[in-house]
Amino acid sequence: MSTMNLILMGLPGAGKGTQAQKILEDFDIPHISTGDIFRAAIKNETKMGLEAKKYIDAGNLVPDEVTNGIVSDRLAEADTKNGFLLDGYPRNIDQAHALKEIGEKLNKPLDGVINIHVEPDVLVERLSGRFICRTCGATYHKLYNKPKVEGTCDVCGGHDFYQRDDDKPATVKNRLDVNVKLNTPLIDYYGQEKLLYNVDGDRDIDDVYKDIKHILDNL
Ligand code: ADP
Ligand code: AMP
């Protein structure tokens, strides 16, 4: 396979960010998370960030025009020459159609869609225990994925961690409801496009990654 134009799909908390960190150790492609792009824009208080914040804080999706524009610009950048790993996009069918058009315009067709499947009831606990390194963005869990040395980030050695506002209980339920509803049609769509690879995400992080690595090695 000459390019690796990939989507990492899965409900909030399924393990996309966690698996993306591992994929990047083995494959030299940029990790493009629309959620990360929005959080960076919020932190920098850009106009787009302030607009997106209203939706994110409520657990709703940011409007498609905004999100599609961001992805279209990002995929036009030079570092996507050999591929990309989209995480958290597309989130609905209209975004999937927009991505197809972007791919045609940039001559970057998709090579595969990896769907990390986890039942929604497991995800509430995953999201409420998630914490993140403020310095490098690495993701941990208070029970399932602790840093090797307590209080110190494995990746960058940082000591400052935070919980995402939208991982607090008031938002988690609506986020899951919104995404569960949109997820099934997307899975069907990529199944019909013959791009879909399903992975059981309700196992140890390393076991999940073994499956993903096998899929990517054989694409
Ligand atoms: P996503 O990017 O899909 O929203 P994350 O990768 O941030 O999900 O994972 C959500 C939370 O669940 C994090 O706290 C992470 O450490 C934890 N987690 C990820 N994968 C697993 C797994 N296979 N088993 C248990 N916990 C996991
Ligand atoms: P995530 O980091 O993927 O969990 O995304 C956090 C939040 O950012 C989501 O709950 C949405 O409000 C917003 N967001 C991220 N990706 C998208 C997308 N593709 N479309 C619309 N909103 C998004």
- In segment 53-71, anything under 20 Å from Arg134 (Cα atoms) and within 8 Å of ligand 2 (Cβ to nearest atom) is listed as Ile56
- Message: Cβ-Cβ distance below 6 Å, separation of 6 or more or different chains: which pairs start in segment 191-213 with a residue that is within 27 Å of Lys100 (Cβ to Cβ) and within 10 Å of ligand 1 (Cβ to nearest atom) and end on one that is modelled with pLDDT of 95 or more and part of a loop (DSSP other than H, G, I, E, B)?
- Response: Gly201/Ala14; Gly201/Gly15; Gly201/Val118
- Would you be able to say whether some residue in segment 183-201 is of a type in the set (Asp, Glu) and under 17 Å from the mean Cα position of the chain (by Cα)? yes
- Query: Within segment 12-29, can you find the residues that are buried (at least 18 other Cβ atoms within 10 Å of the Cβ) and either among the acidic types (Asp, Glu) or more than 16 Å from ligand 1 (Cβ to nearest atom) (or both)?
  - Reply: Ile29
- In segment 200-218, what count of residues is obtained for those that are closer than 22 Å to Pro109 by Cα and either β-branched (Val, Ile, Thr) or surrounded by 15 or more Cβ atoms within 10 Å (Cβ to Cβ) (or both)? 4
- Lone qualifier among Glu45, Glu51, Glu65 - being assigned to a loop (DSSP other than H, G, I, E, B) and more than 16 Å from ligand 1 (Cβ to nearest atom): Glu45
- Assess whether Ile70 counts as being within 16 Å of ligand 1 (Cβ to nearest atom) and either closer than 16 Å to Leu110 by Cα or among the aliphatic types (A, V, I, L, M) (or both). no
- Item | Looking only at segment 73-93, and only at residues there that are within 20 Å of Ala14 (Cα to Cα) and of a type in the set (A, V, I, L, M), the one that is surrounded by the fewest Cβ atoms within 10 Å (Cβ to Cβ) | Ile93
- Message: So, in segment 153-193, how many residues would count as being in contact with a strand residue (DSSP E or B) (Cβ under 9 Å, 6 or more places away or on another chain), polar (S, T, N, Q) and crowded, with 17+ Cβ neighbours inside 10 Å?
- Response: 1
- Item | Pair list, Cβ under 6 Å, 6 or more apart: segment 5-18 residue closer than 11 Å to Val180 by Cβ and in contact (Cβ under 8 Å) with a residue 12 or more places away in the chain, other residue more than 10 Å from ligand 2 (Cβ to nearest atom) and aliphatic (A, V, I, L, M) | Leu11/Leu123
- Message: Looking only at segment 96-140, filter to residues that are basic (Lys, Arg) and crowded, with 19+ Cβ neighbours inside 10 Å; which one of those is farthest from Gly201 (Cα to Cα)?
- Response: Arg130
- Item | Cβ pairs under 9 Å, 6+ apart, first in segment 105-129 and within 11 Å of ligand 1 (Cβ to nearest atom), second acidic (Asp, Glu) | Ile116/Asp200; Val118/Asp200; Val118/Asp202; Val122/Asp202; Leu127/Asp166; Leu127/Asp167; Ser128/Asp167; Gly129/Asp167
- Query: Assuming Asn145 fulfils every condition listed in (1) at pLDDT 95 or above; (2) more than 20 Å from Ile23 (Cα to Cα); (3) crowded, with 16+ Cβ neighbours inside 10 Å apart from one, which condition is it?
  - Reply: (2)
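The values are calculated or read from the model by the stated rules, or taken from the named source; none is laboratory data. None of the values given here were measured: they were computed from a predicted structure. Positions of Cβ are backbone-derived with ideal geometry, glycine not excepted, and every protein chain shown enters the neighbour counts.
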